[in-house]
1. Using a ≥ b ≥ c from the Cα gyration tensor of segment 65-171 (square roots of the eigenvalues), is it rounded, prolate or oblate, where a/c under 1.5 gives rounded and otherwise the larger of a/b and b/c decides, a/b for prolate?
2. So who's got an amide H within less than 5 Å of the one on Ala185, skipping anything under 5 residues away but keeping other chains? H placed 1.01 Å off N, in plane.
3. Kindly rank 154-163, 80-89, 336-345 from highest to lowest mean number of other beta carbons found within 10 Å of each residue.
4. Say the dipole of the chain comes from +1 at the beta carbon of Lys and Arg and -1 at that of Asp and Glu; which of Phe502, Leu287, Phe270 then lies farthest toward its positive end?
5. Once you have a ≥ b ≥ c as the square roots of the Cα gyration tensor eigenvalues for segment 481-526, tell me rounded if a/c is under 1.5, and otherwise prolate or oblate according to whether a/b is larger than b/c.
6. Rounded to the nearest 0.05, what FRET efficiency do Gln484 and Leu11 have when you use their Cβ-Cβ distance and R0 = 56 Å?
7. Measure off 7 Å from each Cα along the Cα-to-Cβ vector at Leu418 and Glu584, then give the distance between these two points in nanometres to one decimal.
8. Taking each full run of DSSP H in the chain as one helix, which ones are at least 27 Å long along their axis (Cα atoms) and have mean Kyte-Doolittle hydropathy of at least 1.0?
Amino acid sequence: MKKIAVNIARLLLAVVFIGSGFVKAVDPMGTAYKIGDYLEALGMGGLLPELVTVSLSVILAAIEFSLGVFMLFAIRRRFTSRAMLVFMAVMTPLTLWLALANPISDCGCFGDAIVLTNWQTFWKNAVLLLATALVAWRPMEMFRFVSKTNQWIVTNYTGLFILAVSIWCLYDLPLFDFRPYHIGANIKEGMEIPEGAEQPAFETTFILQKDGRQQEFTIDNYPDSTWTFVDSKTVQTKAGYVPPIHDFSITTADGDDITDQVLDDPGYTFLLVAPHLETADDSRLDLLNELYEYAKEHSYPFYGLTASNETAIDRWRDMTGADYEFCQTDETTLKTIIRSNPGLVLIKEATVIRKWSHNNLPQIEEDMTALPLEECETGQLPEDSVPRKIAILLMWFVLPLMALTIADRTWMWTKYFLNHQHKVKNNMRKKIVAGNWKMNMNLQDGIALAKELNETLKADKPNCGVVICTPFIHLASIAQFLDQDIIGLGAENCADKEKGAFTGEVSAEMVKSTGAQYVILGHSERREYYKETPEILKEKVLLAQKNDLKVIFCIGESLAEREAGKQNEVVKAELEGSVFNLSEEDFRKIVIAYEPIWAIGTGKTATAEQAEEIHAYIRSIIAEKYGQAVADDTTILYGGSCKASNAPELFAKPDIDGGLIGGASLKAADFKGIIDAWKK
Ligand code: PEP
């Protein structure tokens, strides 16, 4: 239930954030104006220059969109859910203030695409806040669409995509135009109040006086003439229907309202819309002037519409040589008509035919071929471009991410499947935890330890093979009582000579005669302190096998070799030098112990990943030499500061089949803790 609830909340948040981020990104100017409105409401109007508000708008859109996509794909689950929680924890009280104080009528959460009232916005945010709290409470319940390894592709691609959309829409015009002045819209129709629409309501109160006393009356209880009228006030009690376009007007410099004249003109009219001439971009003046000449030639009216004053208009004229007439229109209306300062609009019979940003003005020769507009494409209403734009977005954003998701999931499932197969195969291989007592324990202590272990493991059977390799002096005594079905017994070394005058040495045959079944050979301490070379070890392996001892053959690199990146080379040479001469049948009897020298007795353990990597490599070279079947059946142990705490992680790796344990094999409880790792 918890998982389902978190994932439903997560999808809801993803959809809302992606949607609101995207509509902001397609209209960065619109969001920048909204930021300006908020600042105005907070008494900080005009504090930030337009460049800053536009940048803030681009950043806000990118953050919202990216958080939405991260939530959808469950990328950086903890971070994303907390970031959204912070975002909503700031936005919800802010929108409550908007709803209560009503300083601006629309919060602008979804740009112009969906306009909500302030209370609707607040309730929407309250629901989202609950959803973010739920997700932030259990972020790890979100299932992934792409693996951790590949999530960087989604992260970077999303960031680049949404910034590219914003920048393009700033350079040109919003990709999708949700305003009442979009191409194809009829301005006059947008101004109409449909029949039967709700009418605004007003109420007038009258203040009258009699005998020095003032009282308020309405038209319904207006008193007789003994009262004297003092004052009246009228308030609007109901807004009534407000048409999408309600403040469009064009007034000439002489104060004549020519709105109807422009809108009723049966021909084409160019409107150069520049809310502020002071800050209007003047880099395409040549093109503008050419367009004006073209309009004059074909008798198309050409007006400049601005909210700027006479001085700014005169400055513009001086600077650009503009000959066209300038008229006054409300600033907000101009900013709503086109998100470009200046922008060019072509209308015919009040219908918006084309809109151009100052960066993308039409070229007379290329786009209009100097023909009258009636005869060229520019003069015709373009086909609906929304389906094409949606297709482009799908192609550039949705499809690549879908392809990535499919590839990633296929890769993960294949990996899971192969791993699973591998595990099944691995289970055929013997798991072993072997202790190496080294030169510790006198006879009595050693016997006591072996007895304790024997009793413990008889009472609680291990899930793997267990071996203890002890100094020679313990072997015969321990062999007497050890239950060798549960615990194998082994020596830590044997001689490289069969028998004879080798004072102090113990032969493989002697080891075998104690009742031991195993022998450790090639331990790094013997290689280093007793100068055992690959050739000597080769002899020892042969003699051990000749006497039916199972060899635990140690290999591993020094710290310097690991730092030089030579670990693979080293272990390969050690195998080639001492055991790769064996027949397949004899090699199958060998247990390999990979022990990085830098981890032995140092407390430093190779990470499970490091160990797995080299174990897999060792298995691969065994496969090269003896074939995959032999490699799959070879037990490879890990050794080097292995403890009960790190054993489960190490043993969980597919190529690690157990451990060769030094220090931690000297206490029954510690050793048992490692053995029990196979039970987890
Ligand atoms: C060892 O000597 O084989 C060994 C792994 O030692 P330790 O576990 O103490 O690092």
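Read-outs throughout are calculated quantities, based only on the coordinates presented, and are distinct from any laboratory measurement. Source: prediction; values computed, not measured. Don't worry about glycine lacking a Cβ; one is built from the backbone with ideal geometry, like all the others, and counts go over all protein chains shown.
1. Cα axes put segment 65-171 in the oblate bin.
2. Answer set, sorted by chain and number: Val352.
3. Highest to lowest by the protection proxy: 336-345, 80-89, 154-163.
4. Towards the positive end, the residue furthest out is Phe502.
5. Values: a/c = 3.17, a/b = 1.56, b/c = 2.03.
Judged from the Cα gyration tensor, segment 481-526 comes out oblate (a/c at least 1.5, b/c at or above a/b).
6. 0.40
7. Result for the modelled spin labels: 2.4 nm.
8. Values: long enough: 2-25 (34 Å, 1.38); 50-73 (34 Å, 2.01); 77-101 (36 Å, 1.08); 118-137 (28 Å, 0.76); 151-171 (30 Å, 1.26); 399-426 (39 Å, -0.33).
Passing helices, by number: 2-25, 50-73, 77-101, 151-171.
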